[in-house]
Structure formats: C-alpha cells, structure tokens
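K.L.:
Would you mind keeping the following structure in view while I ask a few things?
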Amino acid sequence: MESLTKNRLTRKSEEARMETRPSRGMGVGGVDPSILRELSGVYKPFIKAFKELISNAYDADATEVHVHFSDDFDSVKVTDDGIGMNPFSFRSEFTRIGGSSRKWAGDRTKRGRNRIGNKGIGFLALARYCDRMTVESSSARPFVTEFVCERTNVPVDLCKLLGVPIDPELLCKSLNCEVRYRGKKTKVAHSKYRIVPESGKLTFNENVGAVDVELQIDCSHLQFKATLDFDRLLKLADTADLEKISDFTLIEVNELAKKSKGGTSVSVESLKPFVKRELRAERRKGFVRNIASRSGFEQVVWHLSRCTPICYPATQEEGGRLATLLRDGAPPTLAKLEVSHGPSASILSRPVYPLEPEASKLHEDMIVPVDISTGGLIAKGFLAGYESVIFPAEYRGVSIRVRGVAIGEPTFLGAEYLLTGAHKAALSQITGEINVLSGLDAVDSLNPGRESFYEESEHYISLRSYFRGDGERIGGVLARAIEAVLRRSQARSSLNHTLGRAAYIRKAMDDVSAGVTHLMTQGGKPAIAIREMLKSNQSHTNGLASAKSASFDVPVRIAGMEVKQGRRLPEPAIINYSDGQITIDVSRPEWDNGIILFKRRFEVAHKQGSPHHPIAEIDFKESRILINWGHPAKAQMDEKGFLRSALAWVLSRTASKGDADQMMEMAITLLSFTTEPND
Amino acid sequence: MTKAISGKTLLSKHVGKNDRILLVNPPVYETRYSWVKWNQPLDLLQVARYLDVKRKCQRVELFDFMLPNRDGRVQKQGLAGPQRYHEVGLREFAYTYPMWRFGQPLDALGEWLTARRAGNRLGEPTQVWITSLCSYWFSSIHQLCTKVRRWLPEAKIVIMGSYPKYMLENVMDFCDADYAVNSDFGFANEGTSLDLYGESKPEFLAVPLNANTAVSSIQEAIEYGVTRVTIFDNEDNLCRQNGEVLIELIEKTKSLHPHLRYHLICGLHPQHVTKRLATLFSQKCIVELHFEQCDKTSGLDTKSYLRCTELLREAGINLSTGDKTSGFVWIGRANETLEGIVENVFTVLSSFGSVILKPYSPVPGTQEWESHRDYLESIRYEDLSPHRFPFAELNQITRDEYHDLYRMAAFLNEKVKNKSFDMFGSSLGAELLRNSLRREAWKLNGSALRIID
C-alpha cells in the first residue's frame, strides 16, 4: 500500500504565493532565513551532516549506496537504489521543514526498517558545507493530495497549487481528479467541471459551492532534477522578504520513456573551502596509531562507517560469542556502502574493535554481554576489555547505536568523570557496542543532530543505570568490565613479579658461579684456595640446617589464582583466567636452585634462620649452601644483593681460611663479577 | 675430570646413533676483533656433515654465538665487573684494554634451550661440542662450560679447536668439560653445509681449498640463498700447486650462479701468484684479494711484490685505489723494529693500494715458540692474544707505539682511498683535519719500492 500525503491548502493562501513565483522556482514553506540558518547548524562537523544522505537512502529502503568524491574534493555524489521520490513528494516532504517521512509514512519502511529520520530538517544538513545540492530522482509511487476549494466560480491553477513547476499537459496526462461536495461523500458530476490541458486549470462549468478535491497523480513516468541553492539561502539577511526564499530551489520535471525503477542521486557541489581542506589533509608523519592522525579522507571514511547503518565485518569471529551478541542486537542494514575517490574504492563495514585486524585477542572472560529490556527500552550488545590499551584511541568507549546509527562518540556515559586511578586507567582498555532495538529514538530522547541523548529522558536514565549504575559508585556492566580488566592486570603484574624475582635470584647465583670460574682461571692463591675448598667433604653447618625454609619456591597462589607446576611449557607461565589457574614452567633455569662452583654442583637452600645465625653456611657433605634470610643484613639490601653477598661471604671466608686480605679480594671479585652486563 | 682425547677416538668410541649433538661456536672476549664478520666455525660445519651423513646421529644442531644479526653486524658489548678492563705489562709497556664480548651473551644459549624444550618434542642434547678458533680465547669457554653443565647436567661437554690443541693442560685444569680434543678430526678438506643455520642465514659460506667438495657445498649454499664464498686452506696457502687447486675450484663453481662472489681473505702469498692466477683474480666474481706478507731473510721480499703487482696490473687489476686488493703487514712479531714495520707498510701500500696491519701471536709448539719459550712462559695465557702484543717487551716497542702504527696505517689508507674519517662528514673542519693528518703521515720514511725505483 503506497503512502499518501494529505496537504490541506486554502486557495487564498495559494493565490497569494502564485503571483510572484518564477516559472521553475519552488518554495520551502515560508520559514524565516535565520531559523533555516540555525537548523542547518545542528549538523556538525561535515561528516555528521553528510551521513544524513546515507540515512535518507536507508529510509528509502536502498540496499546499495555509492559515494563518490571528485578528484579535487570539490563535490561528492551519493547514489542509491531506494524507492526514490517524485517531484511532488520532493516538494512536500523532502524540502519541507518538519516533513519527516516517519510522520507521513509510518515508523517502518516497506522492508521493515526503523526509519532514522524523524525531524524533517535533513535536507538542510549540508547547507553550511556546500554551495549547492542537486537531487535527481524518480519513483513509481503515485502522489495523492486533497484540498478544499471554497469558491468554484474561479478556475484553480493546479500546477501552482501543487507547488511544482510542471508542464500542464504533462501533469494532465498523469492526473486523476475527483471532486466531492464539501463535507459529503457525494461526487460532483464530471460534466460540471473539467481540467484544461493547456493551462492545467480546474474549471467549473457552474458554481457548485464549496468542494473537496482529491488529486491522484501517476508519477511512474516522471523524473525530476532539483537544485537547492544553499549559498543563496544562507546569504539572505534575517530581515529578507520571505518570498525571496521561494526561488532558492529550481526544479525541472521531465517525462520518462519507461516506467521508473526508483533510485535517487544527490550531488553535493562546490564544497566549502574548509571542508575541502579537511578532506585533503595529509596523514600525519611518523608513527601513527589514532584515526585522528590519518589523512582527512581516511578520517571521513572511518567516521562515515561508524555513523551509518552498515554491516559488521565478516571475520573469523563469525559464530563466536561476540558475533552472536552483535547479530542478536543488529537492526537491518544497508547491504553495501561503497566510498570511492579517484580510482580507489572501498566497501565500508561497521568498525567494531574486536573485529578489527589490528585488535589483540579478545578473551572470553573479558566479554560482558549487554541485554536491556525495561520500560520500553530494549538494547543488546557487549562490553569488551583488553589486557593492553586500545589503539586507535577512537575505539575506546562504547558506541550506542539507535536505528543502526551511532549516537555521538563512544562514551562511558559519564563514568570517566567519576572514576580515578587504576579504575579510570582501565577505561582505556574497554570498548563496546550497544544496539538500541526499541526506545531512545523519540524526539525527546535525541538531540536534533543525533549527537547526544537528552539526559532527562526516561530511556536514557534506564540505559545509564544499567550501564554504569546510579550515583557516584560505578556499577552495572561497566563495573564488571573494569573488574575483568583489573583482574587480568593484577594477575599479570603479580606473575611478572614472581617470575622476575626468580630470574633475579637465579642471576645472583649465576654471577657468583661465573665469579668462581673467573677466580680459578686467573690462577694464583685464590684459585688454589678455592680448589682446596671444593675438595672438602665436611659439613660446616651450625644450626642453620634445622631452620625452617624461606619461601623462594613457586608460590601456591598468585593474585588469588591457584598456581600449578608444569614442565616444558611454551612460555614461562600460562594463565587460564576461565579456570582461575596459573601454570608455571618449573623446568626453566630460573627455578633451578643449583649453583656450579667449578665442576662441583651445590644446591642453594633458603632458610629463615635467626638473626644470630651466620649469613650463610656450606655443607660440603650434602653439597648444599644454606642462606639465612633472617640475617639482619637482609634489611640493608635487596634480595639479589643479599643472596650474592651471602654467597660471596661464605665462599671467600671458607676458602681463605682466615686470610683476611685474600678473603676481601675474593669477596670483591665474587660480588662484582658478571657475565651479562645488561643488569 | 676432563679427559684428553683425539678427534678420531671421540668419533669412533663416544658418538653413537642415539646421540643428539649440539655444536657451539662460543662468543669471544677480546679487546679488538677486526674480522669478526668472517668468523664461521668451519670445523663445526665439517664435523656436523660427518656426524649427520656418515654417523647418522639422531640429531645434530648448531648454536652460533657469532652469527651476525639481520643488519650484518655481530653483537658487541662491553664486559662488566672485574672483566671490564684488562691490564697488560708494566711501566712504559703497561696498557689497560677495555674488554668486549663479541657475539651473543652466554644466556642466549640457555634461552634457546628453554625455547626448544617447549612441548617436549625434542629430546635434550646428549653431547655439547664447543669449538675454539684461537687458543687464547678461552675465558668465554670456561664460563660457557659452567653454564652448560647447569643447563644440561646429563650432557657430555666436548672442547675442540685450537684451545685444547695448543693448551691442553689449561683445558684440563680450568674447563668443566668431559673431553678435550687434542688433535684434528681429519676433515680439513671436507665440504661444509649451511643447513644447520636454518632460517638464520649467514652472510657467506666458508669452504676449504678442495675443488671436489667445494662444488656441492657451494651448490647447496646457492640453493640456501648464500652467494658469497670465502676459501680457506689448512696450510694457509691458497696458491699451492702453482694455484691450480684454486683455479680449478673457482672455474668449477663460478658459473653456478651469476651473483656468486669470492672473497680471498687469507692464504694469498704474493710470491706464489702466477700469470694464470692473476688472470683469475681479474675476474668480476673475485671481489676481495688480501695478500699475506712476503718475507726474505731480512725485510720484505720486494722482488716478489714487484713481480706480483706487475702480473696483477697486466691482468687488468687497478691496484692504485686499493678497492679490491690490499696487503697484510705483520706487527707484534719477535725482534721487529718500528722502522722496519713502517718500511713494510709503505712497500705493501705502494704495491696493493691498501694496507692492513695483522697482529701476530706465536703458535705454541712451533720453532719460534721454542726459541722464545722462557720469555713466552712468563706471560699469562690470555695475554698471548696478538691484540695485546706479547712480544712488546722483547721488542722494546710500547703498546702505545703499536697503536700509533694502527693510526698511521689508517692515515695512509686514507691517502690512497680517501675514505678514512668519513665519520666527520664533508665539513670544512673535517677536510682540514684530513689534510693535516695526511701531511703528518707523509713525514714518515718513504717507500722502499721508491728507493729501488
């Protein structure tokens, strides 16, 4: 069933407008120029205005849209395969302030899409960014309108009444007119009126009093080309005669040889210099990570892909949990949006960080599903946390889409102003996507440019509450995402500390071992002393052996996660967040407690002795070196320094057998020797 | 307890099919290493082919600490702690050398072992064979043995190469090894294979002077993507048998690939160059010719130099620029004088257009060693490195003076090649400095060849 438009015009007002109208001019409904200027300023920057053309195509049930920028960025043309417009609907719907299709054609399109447009100011969106806009279209839809004719003794000029400068004969060929007595169902006999093809006037043979006239125009063979002269419109002074606005749009209506298949082509011409400058901006030199550093054209394409109703990219994620969440919440989309400039063309897909090729792996435990159904608000989507900061930075935050179009920039709905410290830092590791399936689309929820929500809106309050909770304490799904990020961060940090500590301790033992080898190869008294010492088979322990062990082994838990010991793992440790387990590869050198002292291996045993025990003891019988971590010297140095000092002291002292000079010389070598300067 | 063993006994009695052998070319701790990029463990590559093909060992792997990185440079890092500086000599002969590690750090092998362990797919090596290019480069080997013992407590450690060959006692005393190989394996003329390098492709292939084995080795290297070849001779004479062996090798292989290039960097003796060899050297495929010093009883054999350069010029080789040719001049030999070295430098420079000073170290067991045995035995083993000039005190030439000779050679090369001091750029100051240095250099004695002329 085709939609119908009903315009009720009194003849008096029409007559007044007819007098001064040029032959091809068309009015915009007599709106003050200053208001038009204000309305055109709703859409900024350029890309937000430009996306309205894509939204119009979506509302026209287009499946494919092609956007082509001219080589010099002077113009851009948008072509779609939607249902198109006829000249009369263009006049009465497209260029009419407040003439949103949602009002006259219902909330859903024939294809079942929720219409995006709702304010009827879309045609003004690009007024500030170009001098002219040319619209070419045709549609198979008939145009139906009614009007009241109070007096039938004067002919009615239908061309002027319709507001479209069309050849009267062409109009009459397509026109079907029915006249009823005013307020009654009884038709006026055809013999009492006629339409004159030469003038396009409705003429009554006799005065039948007031009548209701219904005009039905078959537009299937009509095509029009309209040029909207925004330059002229916006240059008019605030006090200009309203009638002067009428000729800012020129329209030509032609007859088609074949029946129209629909489709619209919009050319945005003579883009303003500042727009061209933005489009021509070169990519920032050097290391580039963010979208804002890319070339102007690349930025426009990226933002266009964000704020238009297009498909998600097909990825390996297909079939995964994330894909399910996105598919469940995704409204119908354009099948194809292609953007070209010069010889290059690209088909856009909706940018969602986890589906981008540069995104790191998304772990299952870092996905927080969003499923809202409260008070008429229905929304679905996800939040995703990452172990590292998200780049490009433009992906941080959550995109909220209403009718497939992202509203404003990605956001945390105010949480970013409430959080501090690590919790705030975690936001840079969170991204997400929420598709609003119902609600939040009323005029009182969204600002005219669809750039933000009105915060007093009930639906917005519900969404915010679900998303980040109420009050100053962050809750909701965002709190869960932050918790997941911090949990990983803490686990990774604690594990790194554990592994680093083990490597650090190992390095101390390796350096002392290398120091002993060095002393031996240097020859002289120290070498002889060490050689003699290592021949010993006696125990020199004095109580430290019975002290309890100090914990330098693999810990039982790290950051609340259970630790298991593994061997020959591909990495030093593997964290399984789903099971809450960490497996540490204990076959790696850093977990070896052995120390080779010139051809003889000793085990280093870490003991928690008393402050009165010696700092270390050697048990040659058992080939063990006992380290007293309870010694007061521990308080003066770090673990590596202490272990190294203890080993140097006990080896020098034992080898030198009371020769203080030799002991000092050996100890200094053992304390300072290293094979790896990168320490 | 380290056991001395011959190469052949090791192969016949201690290597089996079930052995997984890891061959290691260790890093070098030294004060200077000018030819570091040419360090390729020829002996390991030769023995690897034998172990793999003939003995069919379960696995043969190579870890080359000296392999250049992707930029073509061998890692170099200053040593730390007590090893940071090395002091040699007393009084005016005293010199403190900063010490460097050439090659990857020792722990790189530990990390490599850990990485290959992952997944339990490969068994641990049962034997680790560590080679040594020079007998005095043993500090890193001592440390490496200790580390390998800890990383692979079950593996047998074998020390091979010059270190156990010339300093067996030192190996027995100070290395935590199981075997010290005190004689050659007998593979000096065997071919080599770069397969062991896997994806870490080396810059060049080193082959022994043997036409029969070189063809297959070079063919394999080309398939592997390596087209630069150096040729070594066990007797240090590439021109033996009137150069026929070298000519045969190059003629047989040069057409294997259009980009094949030969670098003859050692073992070229001017007195052995023939007309046929000179014609061979003039070919495009030969890109580097470094001639050894040619002596007679006293001083250089200038006649041989004249004859050699004449042959090379007749063959069409431009000797004046020193781009393709250069000559070595020994420094640090026993009983030499500064004047004699300077004279040699001018002779060689006039002959080949470029001069390279080659520091000298006596080989234990040689006649020269025996004639200075008492003197040499008073020197620490590691100070036998030619870069520390072990004969400095004997010659009464200070180490500072030896270093001045290096500077002088650089100036003279700059005179000929005009490439030295490029690091200063082309500023006016740099040009003035170059001119000043050039004038100072030419105040030295003139060329012996000029006197003859």
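The numbers here are math on the coordinates, done by the rules we state, and not lab data. Bear in mind that the values here come from a model prediction, so they are computed numbers and not experimental data. Glycine also receives a Cβ, built like all others from the backbone with ideal geometry; neighbour counts cover every protein chain displayed.
K.L.:
Run the reach check for B:Lys254 against lysines, Cα to Cα strictly under 30 Å, same-chain hits fewer than 8 apart removed. What comes back?
P.N.:
B:Lys37, B:Lys54, B:Lys201, B:Lys275, B:Lys284, B:Lys324, B:Lys358, B:Lys417
K.L.:
Helix B:139-151 versus the longest principal axis of chain B: what angle, 0 to 90°, nearest 10, using Cα atoms?
P.N.:
20 degrees
K.L.:
For A:565-572, what's the mean count of beta carbons from other chains sitting within 10 Å of each residue's beta carbon?
P.N.:
Mean partner-chain Cβ count within 10 Å for A:565-572: 3.
K.L.:
Same structure, new question: Sorted from largest down, what three extents in whole angstroms do the Cα atoms of the range B:20-111 have along their principal axes?
P.N.:
Dimensions of the range B:20-111 along the principal axes of its Cα atoms: 57, 25, 24 Å.
K.L.:
Contact order normalised by length for the range A:364-470, with contacts defined as Cα pairs under 8 Å and 6 or more residues apart; what percent is it?
P.N.:
Relative contact order, the range A:364-470: 31 percent.
K.L.:
If you take every residue apart from A:Cys177 with its C-beta less than 10 Å away from the C-beta of A:Cys177, what net charge results, scoring Lys and Arg +1 and Asp and Glu -1?
P.N.:
With Lys, Arg at +1 and Asp, Glu at -1, the net is -1.
K.L.:
Step through the table entries A:Lys564/A:Lys599; A:Lys548/A:Lys621; B:Lys56/B:Lys165; A:Lys525/A:Lys621; A:Lys77/A:Lys201, compare each Cα-Cα distance with 31 Å, and write down the pairs that go over it.
P.N.:
A:Lys564/A:Lys599; A:Lys77/A:Lys201
K.L.:
Right, here's the next one. Calculate how many DSSP beta bridges within the range B:8-156 are antiparallel, expressed in % of all such bridges and rounded to the nearest 5. Before the final figure, lay out the partial values.
P.N.:
On the way: 10 of 21 bridges.
Of all bridge pairs located within the range B:8-156, approximately 50 percent are antiparallel.
K.L.:
Tell me which of A:Val275, A:Ser265, A:Phe287 sits at the most positive position along the dipole axis of the range A:257-300, charges placed on C-beta atoms (Lys, Arg +1; Asp, Glu -1).
P.N.:
A:Ser265
K.L.:
Here's a follow-up. What ranking do B:Val342, A:Val556, B:Val28 get, fewest neighbouring Cβ atoms within 10 angstrom at the top?
P.N.:
Listing B:Val342, A:Val556, B:Val28 from fewest to most nearby Cβ atoms yields A:Val556, B:Val342, B:Val28.
K.L.:
Which value in nm describes the separation of the simple spin-label points at B:Tyr224 and A:Glu416, placed 7 Å from the Cα toward the beta carbon?
P.N.:
Taking the simple label geometry, B:Tyr224 and A:Glu416 are separated by 5.5 nm.
K.L.:
For the range B:153-220, build the charge dipole from Cβ charges (+1 Lys, Arg; -1 Asp, Glu) around the Cα centre, then report which of B:Phe185, B:Pro164, B:Ala206 sits farthest towards its positive end.
P.N.:
Positive-most Cα among the choices belongs to B:Ala206.
K.L.:
For chain B, what is the Kirkwood hydrodynamic radius in Å, using each pair of distinct C-alpha atoms? Before the final figure, lay out the partial values.
P.N.:
Numbers: mean 1/r = 0.0422 Å⁻¹.
Over chain B, the inverse of the mean reciprocal pair distance is 23.7 Å.
K.L.:
So, one more: Enter the mean number of other protein chain beta carbons within 10 Å of the beta carbon of each residue in B:168-177, as an integer.
P.N.:
Rounded to a whole number, the mean comes out at 3.
K.L.:
Set the Förster distance to 22 Å, then compute FRET efficiency between B:Glu314 and B:Gln283 from the Cβ-Cβ distance, nearest 0.05. The partial results should precede the final answer.
P.N.:
Values: r = 14 Å, r/R0 = 0.66.
FRET efficiency, B:Glu314 to B:Gln283: 0.95.
K.L.:
Quick one: check the C-alpha center-to-center distance for the range A:565-579 versus the range A:447-497, whole angstrom.
P.N.:
Between the Cα centre of the range A:565-579 and that of the range A:447-497, the gap is 31 Å.
K.L.:
Any idea what the relative contact order of the range A:298-380 is, in percent, if you count C-alpha pairs under 8 Å spaced at least 6 apart?
P.N.:
Worked out over the range A:298-380, it gives 31 percent.
K.L.:
Decide, for the range A:304-401, between rounded, prolate and oblate: order the square roots of the alpha carbon gyration tensor eigenvalues as a ≥ b ≥ c, take rounded if a/c falls under 1.5, and otherwise choose prolate if a/b is larger than b/c, else oblate. Please list the in-between numbers first.
P.N.:
Details: a/c = 1.88, a/b = 1.27, b/c = 1.48.
In terms of gyration-tensor shape, oblate.
K.L.:
For chain A, what is the relative contact order in percent, using Cα pairs closer than 8 Å and at least 6 residues apart in sequence?
P.N.:
Contact order relative to length: 11 percent.
K.L.:
Can you give the mean number of other chain Cβ atoms that lie within 10 Å of the Cβ atoms in peptide A:458-468?
P.N.:
Partner Cβ neighbours, averaged per residue: 0.
K.L.:
Excluding same-chain residues fewer than 8 positions from B:Lys17, which aspartates and glutamates have a Cα within less than 19 Å of its Cα?
P.N.:
B:Asp52, B:Glu61, B:Glu124, B:Glu154
K.L.:
Going Cα to Cα from A:Lys184, which aspartates and glutamates come in below 19 Å? Please leave out same-chain ones fewer than 8 positions away.
P.N.:
Partners found: A:Glu146, A:Glu150, A:Glu206, A:Asp212, A:Glu214.
K.L.:
Now for a separate question. Return the percentage of antiparallel bridges among DSSP beta bridges fully within the range A:575-679, rounded to the nearest 5 %. Display every interim value, and only then the final one.
P.N.:
Values: 10 of 15 bridges.
Of those bridges, close to 65 percent are antiparallel.
K.L.:
Rounded, prolate or oblate, given the Cα gyration tensor of the range A:147-260, with a/c below 1.5 counting as rounded?
P.N.:
It is oblate, given that a/c is not under 1.5 and a/b is not larger than b/c.
K.L.:
What fraction of the DSSP beta bridges in the protein assembly as shown is antiparallel, stated in percent and rounded to the nearest 5?
P.N.:
Just about 65 percent of them are antiparallel.
K.L.:
Turning to a different aspect of this structure: Could you compute the net charge surrounding B:Thr96? Neighbours are other residues with a C-beta less than 14 Å from the C-beta of B:Thr96; K and R count +1, D and E count -1.
P.N.:
Numbers: positive: B:Arg32, B:Arg84, B:Arg91, B:Arg388, B:Arg399; negative: B:Glu87, B:Glu92, B:Asp383, B:Asp400.
Here the charged neighbours net out to +1.
K.L.:
Related question: Rounded to the nearest 20 Debye, what is the dipole magnitude of the range B:145-274 about its Cα centre when Lys and Arg each give +1 and Asp and Glu each give -1 at the C-beta?
P.N.:
300 debye
K.L.:
If you take every residue apart from A:Glu282 with its C-beta less than 12 Å away from the C-beta of A:Glu282, what net charge results, scoring Lys and Arg +1 and Asp and Glu -1?
P.N.:
On the way: positive: A:Arg277, A:Arg280, A:Arg283, A:Arg284, A:Lys285, A:Arg294; negative: A:Glu278, A:Glu298.
My count for the surroundings of A:Glu282 gives +4.
K.L.:
What is the Cα coordinate range of the protein assembly as shown on the first, second and third principal axes, sorted by size from largest, in whole angstrom?
P.N.:
146, 86, 58
K.L.:
Are there any GluC sites (Glu not before Pro) in the range A:615-645 that are in a DSSP loop and have at most 15 other Cβ atoms within 10 Å? List them by number. List each step's numbers first, then the result.
P.N.:
Details: sites: A:Glu617, A:Glu622, A:Glu639; in loops: A:Glu622.
Filter output for the range A:615-645: A:Glu622.
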